[in-house]
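Presented below is the structure to which this report refers.
The values are calculated or read from the model by the stated rules, or taken from the named source; none is laboratory data. Just so it is clear, the structure is predicted and the values come from calculations on it, not from any experiment. In this analysis, Cβ positions are derived from the backbone assuming ideal geometry, glycine residues included, and neighbour counts consider all displayed protein chains. Accessible surface is based on the protein model in full, side chains and every heavy atom, while ligands, DNA and RNA are left aside. Shrake-Rupley method; radii C 1.70, N 1.55, O 1.52, S 1.80 Å.
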Amino acid sequence: MSRTPSVLFVCIHNAGRSQMAAAWLRHLAGDRIEVRSAGSAPASAVNPAAVEAMREVGIDMSAEVPKILTTEAVGASDVCVTMGCGDTCEVFPGKRYLDWKLDDPAGQGRPIRDAIRSLVENLIVEMDAAPAR
């Protein structure tokens, strides 16, 4: 029996890029993929520019809260996507790691939002094509 694959999105503050990516993945993949997000130094709130950019495409992430990156979250994820957090994400054997080069969305929410959507769509295609575990 196969289990639901999982993705962890990580950026420094877990307030912009990683939250947007998690929101896109939940929106586009539904319950086919388990979604997590975290930050190495979480902010106190999600960036309002990121919330507004996602609201423009009908995705409400206003209730999201930045979370601290834990070893447990990395260990429980099949794919770990980092976004500008350097070496703060612990590496586990057998996990797939991706590093998406994305600017901070502060002040430029729409272009980053659209770039993240494209990356998430590609990730979904790859994960849907992967053999069941």
Q. At q = 0.18, 0.19, 0.20 Å⁻¹, what is the log10 ratio I(q)/I(0) for the stretch 14-133, with the Debye formula run over Cα points and no solvent?
A. -0.95, -1.06, -1.18
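Could you report the stretch 1-82's accessible area per residue, 1.4 Å probe, as an integer in Å²?
Accessible area per residue: 42 Å².
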Q: Report, in debye and to the nearest 20, how large the dipole of the chain comes out about its Cα centre when Lys and Arg carry +1 and Asp and Glu carry -1 on their Cβ.
A: 160
Q: Provide K101, K67 ordered by accessible surface of protein heavy atoms (probe 1.4 Å), highest first.
A: K101, K67
Q) Taking only Cα atoms, what is the 0 to 90° angle, nearest 10, from helix 17-29's long axis to the longest principal axis of the chain? A) 60
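Please give the calculated 222 nm ellipticity per residue for the chain, where each DSSP H segment of at least 4 residues contributes -39500 (n - 2.57) and the sum is spread over every residue; nearest 500 deg cm²/dmol?
Calculated from helices alone, the mean residue ellipticity at 222 nm is -11000 deg cm²/dmol.
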Q | Between 0 and 90°, nearest 10: helix 109-129 axis offset from the chain longest Cα axis | A | 10
Q: Using amide H atoms built 1.01 Å from N in the peptide plane, name the residues 5+ places from Y97, or on other chains, whose amide H lies under 5 Å from its own.
A: C80
